[in-house]
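*Asks:* Quick one: structure below, then a few questions.
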Amino acid sequence: MILCMSFLVSQAQSAFTDRGGVRPMGMGGAFVALADDTSAIMFNPAGLGQIDKAQVTAAYDRLYAGLGDDNLGRGLVSYVQPSQHYGAFALNLSLLNVPLYKETTVAFGYGRSFGPAYLGLSVKGLFANFEENDYTRLDPLFNEYGTSTNEMALDLGFLYKLSDSMSFGLAALNVNQPNMALDDDADAEVPLTLQTGIALKLGSTVPTIDFTYRNKDLGDGKDINLHFGIESWLAGRSMALRAGVNFYDMAVGASYAFGKGKGVDARLDYAFRYPLVFKEDAIGGTYGTHQFSLNVGFGGLTAAPDSEKLARGAEMEEAQAQFEADADELIEKAIACNKDGKYEEGVKLCEDILGMEFSNVPGYHLEAHMLVGNMLNQLGQHKEALKHLQTAVKMDSKDPRTHYELAMFYKQTGDRTGSMSWYNKAIIEFEKTRMIDSGFKDVSAQLVTLKKKR
């Protein structure tokens with residue numbers, strides 16, 4: 001009753017300031033720079049652009065358990081649908097129910113990525129309704145203006161990924177500060193809320209910190225809050241633990257994630273918030289607020305494009321194409337050097353190819369190992385030549401060229417040293433060559449020659 005009567009002031013104003021979202025609340029409300037699930041529509045709509053599959057969330061909050069009234073509750077349903085080329089769209093329905101008073105929020109949100117930056121907005125319909133009873137029937141305010149009012153509100157969001165492990169968020173909520181007073185001449189504006197924060201991704205642990213400024217609280221004063229939160233995923237990301245604190249309450253939370261068929265995954269979330277007892281305006285004598293939600297993701301639906309990933313993919317394709325062009329040119333020059341006896345120059349060209357770290361096509365490195373092996377052998381650097389030729393065999397043991405080039409090295413070494421063991425090694429590699437391709441070069445003739453020497 002005390003909570004309800006706080007709304008029944010002369011202006012009959014509503015709150016519309018407390019947000020749902022079980023996962024964010026378990027982190028003390030520090031979520032503006034993370035904003036990567038359906039709760040983004042309530043904290044930072046720009047984060048909707050990060051969501052790559054359809055999600056639906058249903059939540060229920062048991063507010064201030066122990067106050068002696070079972071009707072202090074809040075529920076919400078949220079749905080996010082990413083599109084192939086146009087960002088992600090979201091719908092949210094939130095209901096707050098306290099004795100004699102109800103407020104409903106219907107929100108439509110949109111978020112989209114622009115490289116590492118994300119932009120978003122949310123348009124909200126705010127509906128407040130006071131229950132008709134003996135009090136409202138006698139009060140002249142309700143008699144003249146009725147027991148319900150509604151307005152529109154606008155939220156704006158921005159998120160920027162400074163790196164793969166750090167993101168920055170900024171949200172402006174209720175930008176137009178709608179007046180929810182029953183009397184149009186009265187002032188009961190929903191306060192403008194500005195929230196900014198940073199989130200770090202340290203493996204499976206994510207610490208967050210947010211700063212919130214509200215241009216007025218229920219006492220018409222400025223409201224400043226600092227939120228600290230942390231989330232850590234365990235057991236192969238099937239369980240999570242959370243904790244958070246701000247100037248008004250402290251919180252803990254947990255999640256259990258599980259699959260339920262192909263393309264579908266689900267997550268149960270829980271958060272417990274408790275007012276800080278040393279605050280003068282803290283609500284005492286309660287068992288805290290308990291919040292529960294179920295989030296279901298549909299992985300089989302169309303995923304939202306991540307512009308940053310697309311840009312990186314384009315850059316990688318361009319770099320790969322450039323690598324192939326450069327490698328082709330170097331290989332041709334190295335082959336010419338080997339043919340013309342310019343072995344030192346050819347070795348340098350092959351080393352340049354092998355030094356190229358970016359390569360999704362191992363064929364260039366394979367070719368370079370065989371070429372440099374032959375040329376180092378001609379330069380008398382036999383040990384280094386053998387390493388390169390053996391590496392080529394390991395890279396592709398089904399390519400007859402690798403076994404043939406190694407066999408020729410063993411044969412030449414046998415000719416140089418007169419050691420029969422080198423000829424035996426050469427025979428083994430020639431036999432492997434013939435097993436892969438019986439007609440490869442002169443492998444049959446080489447085997448006949450070597451077996452005669454043995």
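Every number in this text was worked out from the coordinates using simple rules, so none of it is lab data. Note that this is a predicted model, so its numbers are computed, not measured. Here Cβ is always computed from backbone atoms with ideal geometry, including for glycine, and neighbour counts include all displayed protein chains.
*Asks:* When only Cα pairs under 8 Å and 6 or more residues apart are kept, what is the percent relative contact order across the chain?
*Replies:* The normalised contact order for the chain reaches 14 percent.
*Asks:* For the Cα atoms of the chain, what angle does the longest principal axis make with the long axis of helix 307-340, in degrees from 0 to 90, nearest 10?
*Replies:* In the chain, helix 307-340 runs at an angle near 10 degrees to the longest axis.
*Asks:* Does anyone have the angle between helix 343-354 and the longest principal axis of the chain? Alpha-carbon axes, 0 to 90°, nearest 10?
*Replies:* Rounded to the nearest ten degrees, it is 20.
*Asks:* OK, next. Just to confirm the number: angle between the C-alpha axis of helix 400-417 and the first principal axis of the chain, 0 to 90 degrees, nearest 10?
*Replies:* The two axes meet at around 40 degrees.
*Asks:* Give the longest segment of the chain that steers clear of GluC sites (Glu not before Pro) in DSSP loops with at most 16 neighbouring Cβ atoms within 10 Å, not counting the sites themselves.
*Replies:* Formally, the longest exposed-site-free interval is 133-279.
*Asks:* Find the percent of Cα-Cα distances in the range 27-166 that exceed 18 Å, and round it to a whole number. Don't skip to the answer; put the middle values down first.
*Replies:* Values: 6083 of 9730 pairs.
The calculated P(r) of the range 27-166 puts 63 percent of pairs beyond 18 Å.
*Asks:* Quick one, what does Rg over Rh come out to for the chain if you take C-alpha atoms and the Kirkwood Rh?
*Replies:* With Rh from the inverse mean 1/r over Cα pairs, Rg/Rh is 1.28.
*Asks:* For the range 309-453, divide the Cα radius of gyration by the Kirkwood radius and give the resulting Rg/Rh value with two decimals.
*Replies:* Rounded to two decimals, Rg/Rh equals 1.06.
*Asks:* Sticking with this structure for a sec: With no solvent and one point per C-alpha, what does the Debye sum give as log10 I(q)/I(0) for the range 145-208 at q = 0.16, 0.27, 0.28 Å⁻¹?
*Replies:* Debye output, listed in q order: -0.64, -1.07, -1.10.
*Asks:* Which net charge results for the neighbourhood of Lys348, defined as the other residues with beta-carbon distances under 11 angstrom from its beta-carbon, given Lys and Arg at +1 and Asp and Glu at -1?
*Replies:* Cβ neighbours under 11 Å give a net charge of -2.
*Asks:* How about the range 68-136: which chymotrypsin sites (Phe, Trp or Tyr not before Pro) there lie in a loop by DSSP and see at most 15 other Cβ atoms within 10 Å?
*Replies:* Tyr86
*Asks:* Using only DSSP helix segments of four residues or longer, with each worth -39500 (n - 2.57), what per-residue ellipticity at 222 nm results for the chain after dividing by its residue count and rounding to 500?
*Replies:* Estimated from H runs of four or more residues: -10000 deg cm²/dmol.
*Asks:* Go through Lys53/Lys102; Lys333/Lys387; Lys161/Lys394; Lys383/Lys451; Lys161/Lys348; Lys53/Lys201 and tell me which ones have a Cα-Cα distance over 30 Å in this structure.
*Replies:* Flagged as over cut-off: Lys53/Lys102; Lys161/Lys394; Lys161/Lys348.
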